[in-house]
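J.: Below is the structure I would like to discuss, written out as structure tokens.
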Amino acid sequence: MMSNLFSVFDPSTNIFNLSINWISTLLGIMFIPYSFWLIPNRFHFFWNFILLKLHNEFKILLKNNYSQGSTIIFISMFSFVLFNNFLGLFPYIFTSTSHLSLSLSISLPLWLSFMIYGWINNTQHMFIHMIPQGTPNILMPFMVMIETISNIIRPGTLAVRLTANMIAGHLLMTLLSNTGSNMTLYLIPILMLIQILLMILESAVAIIQSYVIAILSTLYSSEVN
């Protein structure tokens, strides 16, 4: 019996008082040499096809900010978040993206680097961006305040969006699985069907959320210049 429903998300596994749950975040490094020294297969070509499509899309979104290799950081972010989202769907593997400590560590430094670069190199453009074109003079102070607040909370919204979406599905699956022991025998197949459908939904959420955080980060960077 769990003392706290959210305890399933706690990084509680440890050896010598050192948490080892976060090691799951680094498991992707084990798969990197696969694409270099093994003969490329269909999965390898399919993954390269996806990355190429993302590169072309990010290049369009970056507009004037695009330079050789500037999309690599967003493609890397997409791959990293996608891999960790999918890892959380496997039993007994820690979901690192369901914690704000990881999602904020991704979004906050990226947003800070965009802001520092923009205010140092394009100060006038950053001031202009605070007031949309056609704003009446009387509303300008309020628009500056609203735009400033919306700009400041961007890394928080990116992190909370990813974390909340990953927690919500996992929590629902945990709740349903805990009721299985109290169900009658003829309701078990229905529960299993619902869990399978939820797993498919969570797989889609894992892809969508990694895509969303990469796209929004690209859009934020395109506003700097």
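The values are calculated or read from the model by the stated rules, or taken from the named source; none is laboratory data. Everything quoted here is computed from the prediction, not taken from an experiment. Please note: Cβ atoms are built from the backbone with ideal geometry, for glycine as well, and neighbour counts cover all protein chains shown. Just so you know, the surface numbers come from the protein's heavy atoms only, side chains and all, with ligands and any DNA or RNA stripped out. Shrake-Rupley method; radii C 1.70, N 1.55, O 1.52, S 1.80 Å.
J.: Please work out which one of (1) in contact (Cβ under 8 Å) with a residue 24 or more places away in the chain; (2) under 18 Å from residue 99 (Cβ atoms); (3) of a type in the set (A, V, I, L, M) is the condition residue 207 fails and give its number.
T.: Condition not satisfied by residue 207: (2).
J.: Looking only at region 67-100, which residues are aliphatic (A, V, I, L, M) and surrounded by fewer than 22 Cβ atoms within 10 Å (Cβ to Cβ)?
T.: 72, 73, 75, 77, 82, 87, 89, 93, 100
J.: Pick from 185, 172: which is more than 20 Å from residue 112 (Cα to Cα) and free of Cβ contacts under 8 Å to residues at least 24 places away in the same chain?
T.: On the way: 172 fails: free of Cβ contacts under 8 Å to residues at least 24 places away in the same chain.
Going through 185, 172 in turn, the sole match is 185.
J.: Given 76, 70, which one is modelled with pLDDT under 85 and among the polar types (S, T, N, Q)?
T.: Sole residue among the options that is modelled with pLDDT under 85 and among the polar types (S, T, N, Q): 70.
J.: Identify the residue in region 111-130 that is out of contact with any helix residue (DSSP H, G or I) (no Cβ under 6 Å at 6 or more places or on another chain) and open to solvent by less than 40 Å² (accessible area, probe 1.4 Å) and, among all such residues, is farthest from residue 213 (Cα to Cα).
T.: We begin by selecting, within region 111-130, every residue out of contact with any helix residue (DSSP H, G or I) (no Cβ under 6 Å at 6 or more places or on another chain); these are 112-113, 115-117, 120-125, 127-129.
Filter once more, so that each one left must be open to solvent by less than 40 Å² (accessible area, probe 1.4 Å): 115, 122.
On the way: 115: 17, 122: 24 Å.
Filtering first and then ranking leaves 122.
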